[in-house]
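To start, the structure itself, in structure tokens.
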Amino acid sequence: MPRFIRFLVLATVVSAASACAADGMTVARPDIEHGKATFNTMCSVCHATQKTGGPVEGPNLLGVVGRPAGSQPDFGKYSEALKASGLTWSPQTLDQFLVNPMAMVPGTLMPMLIPDDKTRADVIAYLATLQPAE
């Protein structure tokens, strides 16, 4: 994904945090290293994050931010519900989905949820760094 898109994703995260802070809410910055550690503990059993190799139970998440849901071309196990969802994986969509995937997209095969707001933000910030080499 081009650097401009990466910048846009990060700007969106920063803008959302600023808007919340302006409303009097305290928002901690996402911790990418904590997100990576959490991903490695919770998600890497099913999802790969490198171009080749790794687990294949879930789709490869390299470049997931900005990608339409159910569209990773090398993954053939998507549910019909996710393929038909019309979602695009933005930080906001990932945030909503990871709270409870099966509630957001009934029929999805994704069983894991990340109910903690800070942990979820950290994982999403980590996912936003995963971009294929240009």
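Every read-out reported here was derived from the displayed coordinates using simple, explicitly stated rules and does not represent laboratory data. Since the model is a prediction, treat every value here as computed from it, not as a measurement. Here the Cβ is made from the backbone with ideal geometry for all residues, glycine too, and neighbour counts use every protein chain on show.
Below, the figures for the structure above:
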| read-out | value |
| --- | --- |
| Projected label distance in nm at Met112 and Lys51, using a 7 Å step from Cα toward the beta-carbon | 2.4 |
| Calculated from backbone phi, Karplus (6.51, -1.76, 1.60) coupling profile of segment 110-126 in Hz, x at Gly/Pro | 6, x, 8, 10, 10, x, 6, 4, 5, 4, 4, 4, 5, 5, 5, 4, 5 |
| Nitroxide proxy distance, nm - points 7 Å out along Cα→Cβ at Asn100 and Ser79 | 1.4 |
| Distance cut-off 18 Å, percentage of C-alpha pairs in segment 47-134 lying past it | 41 |
